[in-house]
Amino acid sequence: MLQINVEKNKRGFTLIELLVVIAIIAILIALLLPAVQQAREAARRSTCKNNLKQVAIALHNYHDTHRTFPIGAAINGGCTGYSGSHMFSWGVHILPFIDQANLYNNLNFSGSTVFVPHNFSSSTCLTAVQPYLCPSNPQPNVVVNTAGTFAGALPDGMGRTDLGGVADSINWKCSTAGVRPTTRGNGVLYGISSVKFRDITDGTSNTLLVGEITGSRSPSGLNGNSYTGYDVFDTSNGINSIDTVPGGGTFAFRPQGFSSYHVGGCHFVLCDGAVRFISENIDQGTLSGISTRAGGEVVGEF
Amino acid sequence: MSGIRTILCGILILAVGCGGVSDAPDRRIVTGTVTLDGVPVEGAAIRFLPQPTGPIAAGKVIDGKYEVTNKGGVPLGKHRVEIKGIPILPADTKGMSLGEIDAATRPPVPIPEKYFKNSKLEATIEAGSGPHTVNFELKKESD
């Protein structure tokens, strides 16, 4: 009897106290769960930034070797010709500098349509290259073009890219016709460009070099851009603007400017090799100013 | 018991107070029509540039109508508006190669340069509910 009495006098938790503790833990978990999801996106964003840094270093190494930045994009005949053969874009020319020399050596640069190489096969050449892909982008790694409006315009299985060169502040295309890249871009990577560091008089830390692009998430129809073709764009419509899925639009045939699935903006490589996340709400005057290589604009912080 | 209630209320208030800060301006969807000498413009790009500074908002004019919806529309306030003709892609391009698509693409509607370079078109987007309608009547001759 005496022992039982001692047991009864031991202190314990009441039901209310337990419930309160459980409620507090529940609230803490509820606070933490969204933070965990944010941490995943933050990690992807960080990986993406690292990819762009690799590309920045590759472009600088290309400049060190060839004394110029690579050709942005081109088609034989420039603006006037419709049927000229495409030339490989900057994304192909820097392959040896991002540890993809074998891929580069597989290519036939003398073909009549080098855009789609003669020895093209999705397994042997022009597969997706990791630094060109953003981990936040839910699209497949290759160009899918099985059906839809532009079926046949690009073959299936070419390596997709999430990066595009900054060609111009107004229009990356020839003003007169079609979808050919202009040879008079005021950026760094445009049609038949051969820009050197000494041409970037606005300052390398005030000039954009490469930015992020996105494509369509629909499995049919052309879903993005290949790094082989003319992979250069302009900043005239801002970031995440018309025809981009992250901007709330519907992708139409080709990326129409820079965008990304990171909420609120996208990454850019600057000519000095820095990688910056630029908000979609950047002042358009500033964005134009940092798109040009020799515009003479005075730009503030961005 | 009142002590426990106070603590619970405190936690709830803390939980509600956790919110982010955004640099996004207030926006509103803008729609309307664009005509050149009374004729609806077949294809063009329309851009709203906030004055004096701010993020651009852009849209496409198709068959004389436009709607700017991306990122929630056009930032509220005064804008300088630029309208420029864009090449018109063929309606049906199934099975065409890039070269064929280019060949079938028609040149842009000849909208005078005064509506693009240093355009003097203006629009003021006011706060309100529903889309804001702004129509543009462009004229070829200089006035």
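The values are calculated or read from the model by the stated rules, or taken from the named source; none is laboratory data. What you see is a predicted model; the values in this text were computed from it and never measured. Glycine gets a Cβ as well: all are built from the backbone with ideal geometry, and neighbour counts include every protein chain shown.
Looking only at residues in the range A:206-224 that are out of contact with any strand residue (DSSP E or B) (no Cβ under 7 Å at 6 or more places or on another chain) and either outside any loop (DSSP other than H, G, I, E, B) or within 14 Å of chain B (Cβ to nearest Cβ) (or both), the one that is surrounded by the fewest Cβ atoms within 10 Å (Cβ to Cβ) is A:Ser220. Based on what the data block shows, is B:Gly19 more than 7 Å from chain A (Cβ to nearest Cβ), modelled with pLDDT under 90, farther than 30 Å from A:Ile239 by Cβ and not in a strand (DSSP E or B)? Taking the combined requirement at face value, the residue does not satisfy it. In the range A:251-269, of all residues being surrounded by fewer than 24 Cβ atoms within 10 Å (Cβ to Cβ) and out of contact with any Asp or Glu (no Cβ under 7 Å at 6 or more places or on another chain), the one that is nearest to B:Asp23 (Cα to Cα) corresponds to A:Val263. Has the range A:109-124 got at least one residue that is modelled with pLDDT of 60 or more and outside any loop (DSSP other than H, G, I, E, B)? No, that holds for no residue. Among the residues making up the range B:43-86, those that are assigned to a loop (DSSP other than H, G, I, E, B), touching a residue at least 24 places away in the same chain (Cβ under 8 Å) and either in contact with a helix residue (DSSP H, G or I) (Cβ under 9 Å, 6 or more places away or on another chain) or more than 7 Å from every other protein chain (Cβ to nearest Cβ) (or both) are B:Gln51, B:Gly54, B:Pro55, B:Gly64, B:Gly73, B:Leu76, B:Ile86.
Being more than 11 Å from chain B (Cβ to nearest Cβ) and touching a Ser or Thr at 6+ places or on another chain (Cβ under 6 Å): is that true of A:Ile200 here? When the stated conditions are applied, A:Ile200 passes them.
Which residue, of A:Ala56, A:Ala35, A:Ala74, is under 21 Å from A:Ser279 (Cβ atoms) and among the aliphatic types (A, V, I, L, M)? Break it down stepwise before answering.
Working: A:Ala35 fails: under 21 Å from A:Ser279 (Cβ atoms); A:Ala74 fails: under 21 Å from A:Ser279 (Cβ atoms).
None of the others qualify; the one that does is A:Ala56.
Scanning the range A:230-248 for residues that are crowded, with 24+ Cβ neighbours inside 10 Å and aliphatic (A, V, I, L, M), we see that the one that is nearest to the other protein chains (Cβ to nearest Cβ) is A:Ile242. Number of residues in the range A:230-248 that are in contact with a strand residue (DSSP E or B) (Cβ under 9 Å, 6 or more places away or on another chain), within 22 Å of B:Ile83 (Cβ to Cβ) and either not polar (S, T, N, Q) or not in a loop (DSSP other than H, G, I, E, B) (or both): the value is 7. Apart from one condition, A:Tyr227 fits all of (1) of a type in the set (Phe, Trp, Tyr); (2) more than 14 Å from every other protein chain (Cβ to nearest Cβ); (3) surrounded by fewer than 23 Cβ atoms within 10 Å (Cβ to Cβ); the exception is (3).
Residue-level check: of (1) within 26 Å of B:Asp26 (Cα to Cα); (2) modelled with pLDDT of 90 or more, A:Thr204 misses just (1).
Residues in the range A:265-287 that are in contact (Cβ under 8 Å) with a residue 24 or more places away in the chain and within 14 Å of chain B (Cβ to nearest Cβ): A:Gly265, A:Cys266, A:Phe277, A:Ile278, A:Ser279, A:Glu280, A:Ile282, A:Gln284, A:Leu287.
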